[in-house]
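This report refers to the structure that appears directly beneath it.
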Amino acid sequence: MLRIDSEACIGCGVCEEVCTFGAIAVVDGVAEVNEKCTLCGSCVDSCEAAALIIDAKDRTAQTDLGKWSGIMIYAEFRHGKVAPVSFELLGIGRQLAEQQKVPLSAVLLGSGLGEAARDLVSYGADIVYQVDDPALEFFTDEIYGNILEDIIREQKPEVVLAGATAIGRSFIPLVATALATGLTADCTQLAIRPEDGVLLQTRPAFGGNIMATIECPYTRPQMATVRPRVMKTAPPDPGRKGDIIDYKPEGGRLQSRVKVLRNVLEEQDQVNITEGDIIVAGGRGLNNEKGFELIRQLADAVGGAVGASRAAVDSAWIAYPHQVGQTGKTVNPKLYIACGISGAIQHVVGMQSSETIVAINKDPHASIFDVATYGIVGDLFEVVPKLIEKIKEKKG
């Protein structure tokens, strides 16, 4: 619980200002706390008089952690089909559920869902809570957030996962705030600590210079958004059995203060490197934009797409849709060929889950070799043409 030392409190009001939940008010010169307190600790950190104290033991007891059980994922449905990241979430969710010996559930929201729920079962879901309603034809934070919040409150999963997509990043923080729990964004690794069931959520931090593992030990559910293309999708089992439950939200929860007039899909040519099985990427070692002509030749020879590091994109050698890394796209192709890329952590987090990584760099100490399956130390302008020649010879 949050305790206030009335003798130490100076009534400055800073705690009241920093509390986003409206749980603290200064009355007659002394701070008072009400039932809205979530024990987030913001007030404690800001109190210069050290008049606010959280008792960690009471904090754990208040949250009734034992009542929360199960793994739940939000299955994103857009443009008439389930987003690929949802199947990736079921893959890691299945691993976590089996470790905890708990069910894996999915929440599916949209209009005209068809057989989407059955697809989720085939990819590992034990239970699918679906809401198929015309009010969900267009995504809005408010309606989608209302329904997901209600389902979580009723089912009490200990872990809730969603994709770090435009939609996930938009409304999942709203749900976490409504539930007064923590949320870790853009995770690249997830694991459960066996001794206490705490979800270990790993993500790049400080501009990608370190990997931080974040815990949420005092509140439930433990929530995280996961970067697309970093988790492995398990193969589907069409014969797999699972429960599909049609969830009926209260009428008021389908009302939104936002009205979507129309949804327009861009029809311009967009590079989509996230779905390629082979990617040939170039970095600063290409020296200039002409260097990418060689990368394109190699990509054409192996039937792959062209990727790039941020350094190459920032130098305007190639367009942003080709960028791989923390500030670009996350990929996990069967083959990733890195040419003239040093291997900064910002780039590595976007491609480290590739099945096979081939690195070509003239610096034998380049960090890219730490994650590479095969490394070639040499001048890429000598190595790549020979690779292209050999590949063309093999093709006959």
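With the gyration tensor restricted to C-alpha atoms of the range 245-396, the semi-axes of the equivalent ellipsoid amount to 37, 17, 16 Å, longest first. Counting pairwise Cα distances across the range 177-262, what percent come out greater than 23 angstrom? Of all Cα-Cα pairs in the range 177-262, 53 percent lie more than 23 Å apart.
When peptides 223-231, 90-98, 110-118 are ranked by their average number of other Cβ atoms within 10 Å per residue, the highest-first order is 223-231, 90-98, 110-118.
When the chain is treated as a Gaussian network with alpha carbon springs shorter than 10 Å, the biggest mean-square fluctuation among Ile147, Ile295, Ile24 belongs to Ile24. Scalar couplings 3J(HN,Hα) for the range 237-248, obtained by applying the Karplus form with A = 6.51, B = -1.76, C = 1.60 to θ = phi - 60°, are 10, x, x, 5, 9, x, 9, 10, 10, 7, 7, 10 Hz; x denotes Gly and Pro. When the chain is treated as a GNM with alpha-carbon contacts under 10 Å, the residue of Ala359, Ala23, Ala281 showing the greatest mean-square fluctuation is Ala23. Amide H contacts of Phe77 (H built 1.01 Å from N, in plane; Pro and chain starts excluded): Ala83, Leu109 sit under 5 Å, all sequence-distant by 5 or more or on other chains. Counting only Cα atoms, the size of the chain along its three principal axes is 83, 52, 46 Å, in decreasing order. Computed from phi, the 3J(HN,Hα) profile of the range 324-341 under the Karplus parametrisation 6.51, -1.76, 1.60 (θ = phi - 60°) reads 10, x, 4, 9, x, 9, 9, 10, 9, x, 6, 9, 10, 10, 9, 10, x, 10 Hz, with x in place of Gly and Pro. Expressed as a whole percent, the accessible area of the chain that falls on carbon and sulfur atoms is 49 (1.4 Å probe).
Pairs exceeding 23 Å between alpha-carbon atoms, taken from Lys101/Lys334; Lys36/Lys259; Lys241/Lys334; Lys290/Lys362; Lys334/Lys392; Lys329/Lys362: Lys101/Lys334; Lys36/Lys259; Lys241/Lys334; Lys329/Lys362. Here is the size of the range 1-151 from its Cα atoms: Rg then Dmax, 21.6, 63 Å. Among the GluC sites (Glu not before Pro) in the range 2-96, those located in a DSSP loop and surrounded by at most 15 other Cβ atoms within 10 Å of their own Cβ are Glu7, Glu35, Glu48.
Only alpha carbons enter this Debye calculation for the range 316-392, each as an equal point scatterer, and the log10 of I(q)/I(0) it gives at q = 0.11, 0.26, 0.27 Å⁻¹ is -0.28, -1.27, -1.30. Kirkwood Rh over Cα pairs of the range 79-191 into Stokes-Einstein at 10 °C, 1.306 mPa s: D in µm²/s? Once the numbers are plugged in, D ends up at 109 µm²/s. P(r) for the range 1-59, from all Cα pairs and a bin width of 10 Å, is 26, 63, 12 %, short bins first. Remark on the chain: Cys9, Cys12, Cys19, Cys37, Cys40, Cys47, Cys187, Cys216, Cys339 stand apart, with no other cysteine beta carbon under 4.7 Å.
Under 5 Å between amide hydrogens, built in the peptide plane, is the criterion, and for Ala106 it picks out Ile73, Ile127, Val128, Tyr129 among residues at least 5 positions away or on other chains.
Couplings 3J(HN,Hα) of the range 116-125, computed from phi: 4, 5, 5, 4, 5, 5, 5, 8, x, 6 Hz, in residue order, whole Hz [Karplus 6.51 cos²θ - 1.76 cosθ + 1.60, θ = phi - 60°; x for Gly and Pro]. Remark on Gly11: its backbone amide H falls under 5 Å from those of Ala31, a criterion applied only to residues 5 or more positions apart or on other chains, H modelled at 1.01 Å from N. Sites listed here are chymotrypsin sites (Phe, Trp or Tyr not before Pro) in the range 201-250 whose DSSP assignment is loop and whose Cβ has at most 13 other Cβ atoms within 10 Å: Phe206.
Applying both filters, DSSP loop and at most 14 other Cβ atoms within 10 Å, to the trypsin sites (Lys or Arg not before Pro) of the range 275-333 gives Lys290. The convex hull around the C-alpha trace of the range 231-301, projected and averaged over every direction, spans 11.4 square nanometres.
The values are calculated or read from the model by the stated rules, or taken from the named source; none is laboratory data. On a predicted model such as this, the values are computed, not experimentally measured, just so you know. We place every Cβ from the backbone using ideal geometry, glycine too, and count neighbours over all the protein chains shown. Ligands, DNA and RNA are excluded from the accessible area calculation, which covers all protein heavy atoms including side chains. Shrake-Rupley method; radii C 1.70, N 1.55, O 1.52, S 1.80 Å.
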